[in-house]
Structures are given as structure tokens and as C-alpha cells.
1. State yes or no: is ALA231 in contact with a strand residue (DSSP E or B) (Cβ under 9 Å, 6 or more places away or on another chain), surrounded by fewer than 20 Cβ atoms within 10 Å (Cβ to Cβ) and not charged (D, E, K, R)?
2. Failed condition for SER128, given (1) out of contact with any Phe, Trp or Tyr (no Cβ under 7 Å at 6 or more places or on another chain); (2) buried (at least 17 other Cβ atoms within 10 Å of the Cβ); (3) closer than 30 Å to GLN362 by Cα, with all others met?
3. Filter region 216-244 down to the residues that are modelled with pLDDT of 95 or more and of a type in the set (Asp, Glu) and list them by number.
4. In this structure, does GLY78 turn out to be in a loop (DSSP other than H, G, I, E, B), at pLDDT below 95 and in the same structural domain as SER128 (by TED's automatic domain parsing)?
5. Within the bounds of region 256-264, is there any residue that is in contact with a strand residue (DSSP E or B) (Cβ under 9 Å, 6 or more places away or on another chain) and without any contact (Cβ under 8 Å) to a residue 40 or more places away in the chain?
6. Could you pull out the residue among GLY57, GLY77 that is of a type outside the set (Phe, Trp, Tyr), in contact with an Asp or Glu (Cβ under 8 Å, 6 or more places away or on another chain) and surrounded by fewer than 17 Cβ atoms within 10 Å (Cβ to Cβ)?
7. Would you mention how many residues in region 344-363 are crowded, with 19+ Cβ neighbours inside 10 Å, over 13 Å from TYR158 (Cβ atoms) and among the polar types (S, T, N, Q)?
Amino acid sequence: MNRTGKRGLALSALAGASALAIALTGCSSSGTGASGEASGFDTGATKSQDITFWVMGGDTPEELRDYLVKEYKSATGGTLTITQQDWGDALTKLTNQLPDSKNTPDVTEIGNTWSPTFTTAGAFTDLSPIYQDLGGDKLLKSFVDVGTVDGKQYALPYYFGSRYITYRKDIWQAAGLSVPTTLAEFNASVAKLKTAGQSGFYIGGQDWRNGVSWIFANGGELAKKSGDKWASSLSDAKSLEGLQQFQDLFENASDAPVTENDSTPWVNINNDKNGAAPTAATIIAPGWAHWSVGDYTGDKDGKEVREWNDATFGVFPLPGVEAGSVAPVFAGGSNIAISAKSTKQAGAKELLRIIFSDEYQQMLGKNGLGPANTDFVSSLGDDQFAKALIDSALDSKLTPAAPGWAAVEGQKILEEFFGKVADGGDVKALAKEYDAKIDAIING
């Protein structure tokens, strides 16, 4: 979900989209794969096709993986092999293996923010002939848009997630604080909750995926497009306002390391298994994280089991600048695509048909993952977690749909930038410096 590779893109392998485009020379962009199979569904051609599906990280539960394997076998007689890739090195693997017809995954999950780079480079099969069959306009528009080139869909939404606040009711209430209605009130409240050994709000210095919410809430952007060119906009006045708030928030409310980026903040809000007090009063995390928050009840398969306690924990969307509004948070989630180099296009499309079926879309929702087809958001439920997820997702945002954005993430430019901001650096000077770094690669 919107993660970066440990070694980045290694620009010798991928300088924006251009090097990947060279590696993918000869890839189809018309919906016909290397096997020459026709566009659309061809159930006859799927017979006994064995295909591979790369999932990223552990977000797709075993129950859903088992369902896909079973349904694919029933539909085609072939074997579906699902291979989990770590987000940390997924970008490098995709860059190296998508151009290789012998080693490419047939179908792959891909971070939504990486989609523009791979789609513009011709890495994926044109799905527009089957787009309507897979949900069409009912599919989450922002995720469809980042996977679209020249009006053709190459990467479609797999699932969406959104980030919201989880807080310790007991700590907030003891301090006489209630759920804030504005971002300024939130910032002030969590600063009051910081004590020796406890973050009022736990957020890592390099955690730009959450930190960017303060930019978005103030009307800023990471980058803007003028004509056919993208340019970084960290130096814009509204972006600077959000960045200054982030710097103040980190200094006054968080005890997290300046060098910490994506993390597991729920371990900080929980009492540990031996009863030691939590080290955070408040966190921001994807909706599915609530399964890891709660009272310790024992271990299962080597993992702690937690049970949510309404008396101790609560959730709410990050408030916006105006009272009663919700801050735009960075939308989590993934896209899904068929490799243009796959020799098993028919089987790959059959797998997409299963994934976009009504049943599987509802299974996503029941497991806390926002379904790609918005007709099934009700499957998320109507409890406090579903409400916070949906409310925070309504105005959530993605990173710029620029062809070189994967290179920006791959080089960890924003981690470096936010870390320096959190460390007390001159916000204006840093924004100008990193605008130049991003501008050099954002257009691919």
C-alpha cells in the first residue's frame, strides 16, 4: 500500500518511466498479450492455464487467497499460485521482472502511487475492453484515474484504505479533553498529552504518508500540473503552512524517532502484555489497524491477540481546518493489473473477473478493506470503525499521477525531506531545495 523499495528504483534500472519503457519495448498496450489472445474474456482459452498473482504485503487475508485459488480452479481447471511480495523490495522486483516474459507475474497488485510510472511505460495490458464488465464507473475513480493513460485503463483499484485517529479515551478523559472538531484543536490537545515517556501523538519524523495530511488540510499539494508538465509544490504558501504545523506537532507532541517512517504505531497505544503503560495517547493508522489495538488476551501462532475495549479506546477522523470538517488524508490501498508480458492473458483476465465479482468485493469489505466497487462499501459494516474509515476516505487524496512519481518514492525523497523538517530545519529553505530535487525526476 503506497510503500517504497528498500533500495529505491536504482535509477540505472529505472530513471522515471523511461528506462522501464525501454525494457518493455514490444509490450502490448492494446489488450493483446504476448500469446496473441484477443481482448475481452475468452473462457475457452483459460482451460488449464496456470497463472501467478503477486500480492503485496499481508493485507490480503488467507481466507480471500484461498477463495481465489478455489474459484480459479473451478472456473479454468488451472492452478493459481499466489506469491506474497514484501512492500520493501516490491518496486525493484516489479521493475526487474515485469519486462521478462519468463519471470513476470501474470497479475500483480501494485501500490496505487506507482501506477502512473508503470502504465505510461507500457508495463500493463489494456483493460478497457473489459472495464465495464469489471465494474466500470462504479470503481473507485481516483484509483482508476492513476491507472489510466490516454483514456484507456491499465490498472484498476484492488482495495482502498484510509487513515484515521485511534486514541486512548482513558488518557484523554483524565486530561479533561474531548474529541476535537478542528485541526488546530487536535494539534493543541495532543501537545497537552505529551509527558515523559508518552507521546501525545505518535508520528515518526519521516512518516510523510501521514504527515502530508497537514499539507492537504491547509489546501496544499505535493505537486501540480501545468500543461503537460508536473512541478513540485512544497514551497507553495498553503503547503508551507501545513509543513510548519507538522514541524510544531512533531516537536510538541511526538517522542517518535526523527528517522522513523512507516511503522506500527498501534504497539505504542497498547499496554504491553506485561501490563506496562502505553507510550502513546493517540495514533493515526490505516483502518485495518484496529484489529491490533486492544487489551492483551494471549498469544496465537506466535502473535499477540488483542481485544478492542470501548471503554479504553476510540476512533475519529482527523479533523480539518474548519470546524466539523474532515482533513484529507493520504488514501491507502492498491491497484491491480495484468502484465503486458504475460503469455497467459486469458487466465489473467479470468482472475480479474473473479476478483471484481460481487462476492469477492463483499469479502474485501468484511475484512476491513475498502472494496474497489463502490456499490459494496456497505460490506464494511456500520460500526465505529467502518464509519471512521468511510468518513476519512470520502475526501482522501492520492499522490500526483505523474509518470516519475515512483522514482520520487523510490529514492525516499519525501522521507528525507519530512525527517529534516521534523528535526527542526528551516521549512522554507528545505521546501525550495526539495522542490528542485523532485522536479528533476517527476516527469519521468
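1. On the way: in contact with a strand residue (DSSP E or B) (Cβ under 9 Å, 6 or more places away or on another chain): yes; surrounded by fewer than 20 Cβ atoms within 10 Å (Cβ to Cβ): yes; not charged (D, E, K, R): yes.
Yes; evaluated as a whole, the condition is true for this residue.
2. Every condition holds for SER128 apart from (2).
3. Hits for region 216-244 are GLU221, ASP236, GLU241.
4. Working: in a loop (DSSP other than H, G, I, E, B): yes; at pLDDT below 95: no; in the same structural domain as SER128 (by TED's automatic domain parsing): yes.
No, not satisfied.
5. yes
6. Details: GLY77 fails: in contact with an Asp or Glu (Cβ under 8 Å, 6 or more places away or on another chain).
From the options GLY57, GLY77, the qualifying one is GLY57.
7. 1
Condition check ((1) hydroxyl-bearing (Ser, Thr, Tyr); (2) modelled with pLDDT of 95 or more; (3) within 13 Å of ALA280 (Cβ to Cβ); (4) in contact with a Ser or Thr (Cβ under 8 Å, 6 or more places away or on another chain)) across all residues:
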site	(1), (2), (3), (4)
ASP145	no, no, no, no
GLY151	no, no, no, yes
TYR154	yes, yes, no, yes
THR166	yes, yes, yes, yes
ALA184	no, yes, no, no
GLY211	no, yes, no, no
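The values are calculated or read from the model by the stated rules, or taken from the named source; none is laboratory data. In this text, all values refer to a predicted model and were calculated from it rather than measured experimentally. Glycine also receives a Cβ, built like all others from the backbone with ideal geometry; neighbour counts cover every protein chain displayed.
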